[in-house]
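Participant: Sharing a structure here in structure tokens format.
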Amino acid sequence: MRMSRVAAAMLAVLALSVAGSITGCTRLVDGSGQASGERPGSEITEDGWGILIGYPDARAQIEVFTEPQCPACARLQHDTGDDIATAVGTGQLAVIYRPLTFLDQGFTDYSARVANAMFLAAGPGTTGTAFQAFVQDLWGHQEPEGSPGPTDDDIAAMASESGVGAEQTGKITAGEEAVDSELLNEANADLLGETTYEVATPTVYDLIGEEVVEISDPEWLAKLLKAPTS
């Protein structure tokens with residue numbers, strides 16, 4: 001079932017933790033944030049196919065299914081990225097990024113390399129806000145679908161400028177492989193297929209409310225962060 005898989009992944013991560021209109025491609029709230037001696041971090045999820053940023057037990061938790069070449073995904077980051085960063089940094093929001101690579105279509109490795117770099121970037125040396133800044137930079141410099149995409153050096157420069165840890169940035173520069181892009185796409189497409197009727201990006205799934213978020217509403221994140229917890 002959809003939620004049993006997600007709940008298991010979130011609980012595993014928690015146990016391990018130490019710290020306009022958008023169409024698809026086919027707690028900004030009153031009160032203080034969560035208190036913690038550690039800044040919200042970043043790490044790969046237990047299932048191996050997502051990257052968690054923020055405190056795993058944040059009051060609001062979402063999954064973001066995204067494709068590096070998808071223009072609507074770039075618009076989502078442009079419109080909402082700063083607010084996501086603020087909510088993650090104040091401990092009110094946890095985000096699991098689940099990249100897909102279906103737009104490579106066997107003609108380019110653009111999406112595969114960007115997705116791989118996201119997995120290389122996650123870890124103890126990268127805060128949740130630094131990772132979010134990296135995501136915004138990647139989609140903010142999106143190149144046209146089917147193009148070669150940014151080089152490993154380009155991606156590493158974005159990572160460094162965003163505050164990604166030096167060790168992780170070095171791995172990006174070296175082009176180390178962190179994840180099999182085909183298996184990644186298959187796994188996240190399967191998970192997305194349990195949530196929606198089609199594999200379309202961007203899709204945001206509310207892990208607390210157990211429903212797809214209507215991101216065409218410009219206030220979607222503010223409403224999500226204000227929603228009562230069970």
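The values are calculated or read from the model by the stated rules, or taken from the named source; none is laboratory data. The structure displayed is predicted, hence computed values, not measured ones. Cβ: placed from backbone, ideal geometry, glycine included. Neighbour counts: every protein chain shown.
Participant: Restricting to the stretch 121-158, what's the tally of residues that are among the hydrophobic types (A, V, I, L, M, F, W, C) and farther than 18 Å from Ile96 by Cα?
Facilitator: So the answer is 4.
Participant: Sticking with this structure for a sec: Would you mind stating whether Gln61 is modelled with pLDDT of 95 or more, surrounded by fewer than 24 Cβ atoms within 10 Å (Cβ to Cβ) and out of contact with any strand residue (DSSP E or B) (no Cβ under 7 Å at 6 or more places or on another chain)?
Facilitator: No: the conditions fail for Gln61.
Participant: A follow-up question, please. Test of understanding: among Ala189, Ala222, which residue is closer than 20 Å to Val95 by Cα and either under 15 Å from the mean Cα position of the chain (by Cα) or assigned to a loop (DSSP other than H, G, I, E, B) (or both)?
Facilitator: Exactly one residue qualifies, and that residue is Ala189.
Participant: Go through the residues of the stretch 26-40 one by one and say whether even a single one is surrounded by 13 or more Cβ atoms within 10 Å (Cβ to Cβ), of a type outside the set (Lys, Arg) and either under 29 Å from Gln142 (Cα atoms) or modelled with pLDDT of 95 or more (or both).
Facilitator: Yes, there is a match, as at least one residue in the stretch 26-40 is surrounded by 13 or more Cβ atoms within 10 Å (Cβ to Cβ), of a type outside the set (Lys, Arg) and either under 29 Å from Gln142 (Cα atoms) or modelled with pLDDT of 95 or more (or both).
Participant: Then there is this: Counting just the residues of the stretch 209-230 that are at pLDDT 95 or above and among the aliphatic types (A, V, I, L, M), which one comes out farthest from Asp82 (Cα to Cα)?
Facilitator: Val212
Participant: When Val88 is evaluated against the numbered criteria (1) farther than 22 Å from Thr169 by Cβ; (2) surrounded by 24 or more Cβ atoms within 10 Å (Cβ to Cβ), which criterion, by number, is the only one it fails?
Facilitator: Among (1) farther than 22 Å from Thr169 by Cβ; (2) surrounded by 24 or more Cβ atoms within 10 Å (Cβ to Cβ), the lone unmet condition for Val88 is (1).
Participant: Hey, another quick one. Just name the residue that is surrounded by the most Cβ atoms within 10 Å (Cβ to Cβ) out of those in the stretch 209-228 that are more than 17 Å from Gln77 (Cα to Cα) and not small (Gly, Ala, Ser).
Facilitator: Leu225
Participant: Now, a different point. Go through Glu161, Glu143, Glu182 for me and flag whichever is part of a loop (DSSP other than H, G, I, E, B), more than 26 Å from Ala60 (Cβ to Cβ) and of a type in the set (D, E, K, R).
Facilitator: Every option except Glu143 fails the conditions.
Participant: Provide a single number: the residues in the stretch 148-168 that are under 14 Å from Ala112 (Cα atoms) and either among the hydrophobic types (A, V, I, L, M, F, W, C) or at pLDDT below 95 (or both).
Facilitator: Applying the first criterion (under 14 Å from Ala112 (Cα atoms)) to the stretch 148-168 yields 148-152, 155.
Narrowing further to those that are either among the hydrophobic types (A, V, I, L, M, F, W, C) or at pLDDT below 95 (or both): 155.
The number of residues fulfilling the criteria is 1.
Participant: Another question, if that's okay. Aromatic (Phe, Trp, Tyr) and not in a loop (DSSP other than H, G, I, E, B): is that true of Phe134 in this structure?
Facilitator: When the stated conditions are applied, Phe134 passes them.
Participant: Turning to a different aspect of this structure: Could you check, for the stretch 195-208, whether at least one of its residues is surrounded by 15 or more Cβ atoms within 10 Å (Cβ to Cβ) and more than 18 Å from the chain's Cα centre (by Cα)?
Facilitator: no
Participant: Same structure again: Does Ala189 satisfy the criteria of being modelled with pLDDT of 95 or more and more than 17 Å from Ile53 (Cβ to Cβ)?
Facilitator: Numbers: modelled with pLDDT of 95 or more: yes; more than 17 Å from Ile53 (Cβ to Cβ): yes.
Taking the combined requirement at face value, the residue satisfies it.
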